1. Gap in Å between the Cα centre of region 173-216 and the Cα centre of region 135-163?
2. Based on the Cβ-Cβ distance from residue 237 to residue 304, what FRET efficiency comes out when R0 is 35 Å, to the nearest 0.05?
3. With the Cα gyration tensor of region 170-256 giving a ≥ b ≥ c as the square roots of its eigenvalues, does the rule (a/c under 1.5 for rounded; else a/b larger than b/c for prolate; else oblate) give rounded, prolate or oblate?
4. Would you mind computing the Rg to Rh ratio of region 59-161 from its alpha-carbon coordinates, Kirkwood style for Rh?
5. If you stretched the chain out fully between residue 106 and residue 215, how much longer would it get, using 0.36 nm times the residue separation minus the C-alpha to C-alpha distance?
6. In whole Å, how far is the Cα centre of region 102-118 from that of region 50-100?
7. Just order 187-194, 120-127 by mean Cβ neighbour count inside 10 Å, highest at the front, would you?
8. Rank the residues 359, 302 as a footprinting-exposure proxy: fewest other Cβ atoms within 10 Å of their Cβ go first.
């Protein structure tokens with residue numbers, strides 16, 4: 001009995017020891033993993049490459065009488081200096097001026113291709129006008145006879161080619177820009193000038209009973225009257241005098257001693273103008289006189305310069321080059337340096353027209369052919385483009401008013 005008790009006791013001790021050695025169960029905690037933070041300050045971001053603008057390419061044509069076949073002929077012998085045909089010089093200088101503009105114009109993504117179409121041969125010119133090659137130009141400068149202009153304008157319009165005519169023209173088209181004003185435009189500009197500057201003077205328009213003179217004189221007077229009305233001037237309407245009927249005596253009777261008299265002589269006949277100027281100069285002590293003549297007077301040879309100055313004579317022209325303009329003077333120096341020749345008006349036209357158009361030519365401006373977009377880029381001493389209506393195109397209406405003084409023609413404020 002005792003033995004059993006000891007054995008039972010030992011069994012209990014062993015079970016207790018076994019229980020003490022068994023590990024205790026503990027609550028399990030859930031641990032949320034933390035995302036690793038990246039140091040973005042050390043990450044290099046590749047820069048976005050700018051989109052290169054598309055290169056704009058333009059083909060500029062020159063349809064002009066260059067007479068290259070004749071001008072490129074070698075001299076008969078080495079001792080002779082090759083002479084350039086005089087009739088080709090205006091066109092050659094126009095091109096040279098345009099070429100100088102292209103060479104000096106620095107603009108990326110703009111490519112200008114100059115193409116020459118020699119119209120010196122009349123048979124070749126007719127073929128070119130009827131063909132397609134010249135109209136593949138984006139812009140075509142033309143210096144041909146006005147008789148050819150109608151056909152050129154028609155084909156250019158069909159091919160949507162912008163045209164610039166280097167002369168004056170009566171032809172009107174929305175795709176055409178003319179570099180010089182025609183006679184009608186010049187009369188309008190001069191009449192407006194008189195209305196602005198002669199608001200207190202008596203104005204007398206003199207003409208003879210010759211068809212062109214009479215038409216010009218009557219139209220000139222009518223335009224001055226219209227401009228005076230628009231200016232709200234106190235000046236009376238123009239007095240018209242047909243010299244064929246009223247002669248010198250009639251003219252003198254119409255002069256006003258109480259005010260200055262502006263006498264507009266609507267004649268280009270030097271044989272008529274010269275003695276009339278002398279007569280008026282003789283009476284300039286009795287009356288306050290000033291004379292206005294026509295652009296052709298600039299080339300008169302027999303009219304007394306002393307009398308012209310005494311009468312404070314003014315004329316108007318579209319071909320005057322203002323050397324008081326620093327920009328024009330700089331171009332003249334560069335042209336002489338490059339070509340060893342004094343530039344004609346056409347050289348200035350070529351340079352400043354080409355420069356003006358290139359300023360508007362780029363891949364973004366698809367409407368550069370609208371000449372109104374380029375108007376502000378043209379030199380204001382040479383150009384003042386105006387447009388009558390949507391179908392008229394643009395005409396350079398710029399004129400210069402010149403006064404005979406100190407044996408030269410001096411530019412007057414416009």
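None of the figures in this text is laboratory data; all of them are computed from the coordinates on show. Because the structure is predicted, anything quoted here is derived from the model rather than measured. Cβ: placed from backbone, ideal geometry, glycine included. Neighbour counts: every protein chain shown.
1. That distance is 28 Å.
2. On the way: r = 31 Å, r/R0 = 0.89.
According to the calculation, E is roughly 0.65.
3. Numbers: a/c = 3.36, a/b = 1.47, b/c = 2.28.
In terms of gyration-tensor shape, oblate.
4. On the way: Rg = 15.5 Å, Rh = 15.1 Å.
My calculation of the ratio gives 1.03.
5. Values: separation 109, 0.36 × 109 = 39.24 nm, distance 5.02 nm.
Here the segment from residue 106 to residue 215 would lengthen by 34.2 nm.
6. A separation of 14 Å, based on Cα centres.
7. Details: 187-194: 21.4, 120-127: 13.5.
Descending packing order for the listed peptides: 187-194, 120-127.
8. Values: 359 17, 302 9.
Least to most surrounded, the residues fall as 302, 359.
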